[in-house]
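Report on the following structure.
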Amino acid sequence: MRKNNWKHWGPYLSERAWATVREDYSHNGDCWSYFTHDQARSRAYRWNEDGLAGICDRNQYLCLAIALWNGNDPILKERLFGLTGPEGNHGEDVKEYYYYLDSTPTHSYMKMLYKYPQAAFPYGQLVEENRWRGYDDDEYELLDTGVFDENRYFDVVVEYAKADENDILARVTVTNRGPEGARFHLMPTLWFRNTWSWGYENGPLGDVGKQPRLSRKAGPNGTLTLSAEHPVLGPYNFWVEDAREILFTENDSNSALLFGMPNRTPYVKDAFHRFVINGEHEAVNQAGRGTKAAAHYFDIVPAGGTRVYRWRLSNMNHRQPFGRGFDRAFRQRIADSDEFYRAIQKKGLSKDEQRVQRRALGGMLWTKQLYYYDIPQWLRGDPILPAPEWRRNGRNGDWDHLHNFDVISMPDKWEYPWYATWDTGFHCIPLALVDADYAKRQLTLSTREWYMHPNGALPAYEWQFGDVNPPVHAWAVWRVYKIDARQSGIPDRPFLESLFHKLLLNFTWWVNRKDADGNNVFQGGFLGLDNISVFDRSAGLPKGGRIDQSDGTAWMGFYCLMMMKIALELAEQDSVYQSKSSNFSVYQDMATKFFEHFLRIATAMNEERGEGASLWDEKDRFYYDLLHMHDGTFKPLKVRSMVGLIPLFAVETLEPRLLSTTFEITPRRSRSPSFFKE
């Protein structure tokens, strides 16, 4: 049984939760415009929260992040800004500059940098300029607007250190890089995820029996103190050093502003924006209680000057929360992080190479997020937020087994506030270097019954779980297994074996669903290559037919080889599944099966079909997709792209001893040794 959980708190708070499929309750399925960035400051989230440089507990009951104001912006900077898919000339795109600099696997120390302009943030300019630009034009970036001219910006460095597993120290260092003094407002903000506004007596998950509460309390001299009471998380204290005030409101929608309907409470989510920027003192709860609170700092930071701000969140009581122990804890956690990365980094790397790798791995650890999506509940809707009619037969309607509530490695904390299974597979390779246990659990998670479809399909991504990702899971499992074995000295056979059995289900799904003619030539759609083709490969051809894909077929050859390698590894240690009728184990048989399947796929990729058509073009010496027309004819889609290079992935070297001792060669002519050689 786990006695300590140093991962209970971490960077599991997204940088963006607006304009997602989960939050889309529109009548037409347009998630981009239903819940916008402009609405996010005033509108409560149903599924998960977001914040700038934020953290939360593993269940996201309680969140902590920062809000900024430079005296010129039209809104508080509470979350990162970017363009939606229709707004960007190359799709959705974050328009901010932020850098994840460091993190340990337990998040005992974390550090990031955000660059905040001193001029008004050009929200409208970024939207309008990018809107008229075409696909062939460059993107219009924040730097192009001139807001960083003459270095008129703040470096905002956010650091977290844990004195204990539930004792989190925060330090924010703000430096004025500009030539003149500049105004700076900082608001460390603490709030509860809204579980009370959706019509459930005990919250959507049935776990929160009463509404949580933040309230002001007496504390040590020089600090402002509040208590946080949550029926599941328990009590926490929040201390803020030398702030001018603490403000309170509720994490509830401003329905009057958004929908022209009466507010449930006079104190709503955008109260701090209205208080600081509009001077609406009545917007905050003067009684000192709520479900959202923020300390308020205000400074004039001189040119080249630096200010340091400190706060602390803990389930313990501290008489001196900012005593000598505060800085000592930071020094110790930084030293721990230094020691950890010295231990895992290869000798011989230069200082720059060490720094690049450490920041890259730190960024991987920062992009872990809580992902909450209950498809059955989403399809039904909530008691006070009914689902639109299109949902039952629309997006993700056939994934009603899926219930996700896990901390998952995401492609990005802004552009992808949701997982993509094949991206997660790639992430697990570098994650295994720093936290092999987490990497293994991530790969296992995708195959659990509340993720994997009953038919064996792995969920693709929130936009459409039924889309098809390239089948890289077996490769990721194999690589993580080998990395973990090298680091620990103990191969984790139970992990490898359990995932092999789960992946048999997924492999069978691919063969049954994506090989339309049963001839070892596969389809699959865009397969992660969003912009590789002149048209959408996931859409059907106008008059029927389909696309036989070089990449889809090659990926399946690659899948065969990875499953073969895993089977061979398991066969070398196998005793449980030893066949009584032969000297070969079940895993040896499986290795032979996947080897044969690979050979059949390789043959299908290169052989001619109707009218001499083939995925391989002998004249061009290149692989192309093949249009399989409705009338049975074939037309090669001669676009030179990554599609034609992916077949090079499906390569493996077999040692001679494996051919002679592992593969079962029966006396039958069809299974003679020459079969494999041919």
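None of the figures in this text is laboratory data; all of them are computed from the coordinates on show. For clarity, every value in this text was computed on a predicted model and none was experimentally measured. Methodologically, a virtual Cβ is constructed for each residue, glycine included, from the backbone with ideal geometry; neighbour enumeration extends over all protein chains shown.
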Whole-number percent relative contact order across the stretch 9-343, with pairs defined as alpha carbons under 8 Å at least 6 apart: 18
Sequence-separation-based contact order of the chain, relative, with Cα cut under 8 Å and 6+ spacing, percent: 10
For residue 227, net neighbour charge (Lys/Arg +1, Asp/Glu -1) across residues whose Cβ lies under 11 Å away: +3
Span from the the stretch 475-536 Cα centroid across to the the stretch 211-236 one, whole angstrom: 48
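Please find the FRET efficiency linking residue 596 to residue 573, where r is the Cβ-Cβ separation and R0 is fixed at 25 Å, and quote it to the nearest 0.05. Before the final figure, lay out the partial values.
Values: r = 23 Å, r/R0 = 0.91.
Working from the Cβ atoms, E equals 0.65.
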Scattering profile of the stretch 617-658 at q = 0.17 Å⁻¹ [log10 I(q)/I(0), Debye over alpha-carbon scatterers]: -0.61
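Out of every Cα pair in the stretch 9-343, what percent are spaced more than 33 Å from each other? Please list the in-between numbers first.
Values: 15030 of 55945 pairs.
Considering the stretch 9-343, 27 percent of its Cα-Cα pairs are separated by more than 33 Å.
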Amide proton proximity set for residue 625, modelled H, under 5 Å, gap of 5+: 550, 637, 639
The chain: Cys lacking any partner C-beta under 4.7 angstrom: 31, 428, 560
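Around residue 521, with a cut-off of 13 angstrom between Cβ atoms, what is the net charge of the other residues, counting Lys and Arg +1 and Asp and Glu -1?
Working: positive: 514, 546, 600, 609; negative: 515, 517, 548, 551, 607, 608, 625.
Net of charged neighbours comes to -3.
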Backbone HN-Hα couplings from phi across the stretch 209-222 [Karplus 6.51/-1.76/1.60, Hz, Gly and Pro as x]: x, 8, 6, x, 8, 9, 8, 6, 8, 6, x, x, 4, x
Other-chain or far-sequence residues with amide H under 5 Å of residue 406's (modelled H): 371
Helix runs (DSSP H) in the chain reaching 24 Å along axis by Cα, Kyte-Doolittle at least -1.0: 324-344, 493-514, 550-573, 586-606
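How far, in nm, would the chain grow between residue 645 and residue 485 when pulled straight, counting 0.36 nm per residue and subtracting the alpha carbon separation? Let's see the in-between values first.
Details: separation 160, 0.36 × 160 = 57.60 nm, distance 3.11 nm.
Additional length available on full extension: 54.5 nm.
If each DSSP helix of 4+ residues adds -39,500 (n - 2.57) and the sum is divided by the residues in the chain, what number results at 222 nm, nearest 500 deg cm²/dmol? Write down the numbers at each step before the final one.
Details: 16 runs with 192 residues, N = 678.
Only helices count here, giving -9000 deg cm²/dmol.
Report the Rg/Rh value for the chain, based on alpha-carbon coordinates and the Kirkwood definition of Rh. Present the calculation step by step, with values, prior to reporting the outcome.
Numbers: Rg = 27.8 Å, Rh = 27.7 Å.
Rounded to two decimals, Rg/Rh equals 1.00.
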Evaluated over the stretch 402-522, the Cα radius of gyration and Dmax, each in Å: 14.6, 45
Spin-label model distance (nm) - residue 183 vs residue 217, 7 Å beyond Cα toward Cβ: 3.5
Where labels lie 7 Å past Cα in the beta-carbon direction, separation of residue 652 and residue 347 in nm: 3.5
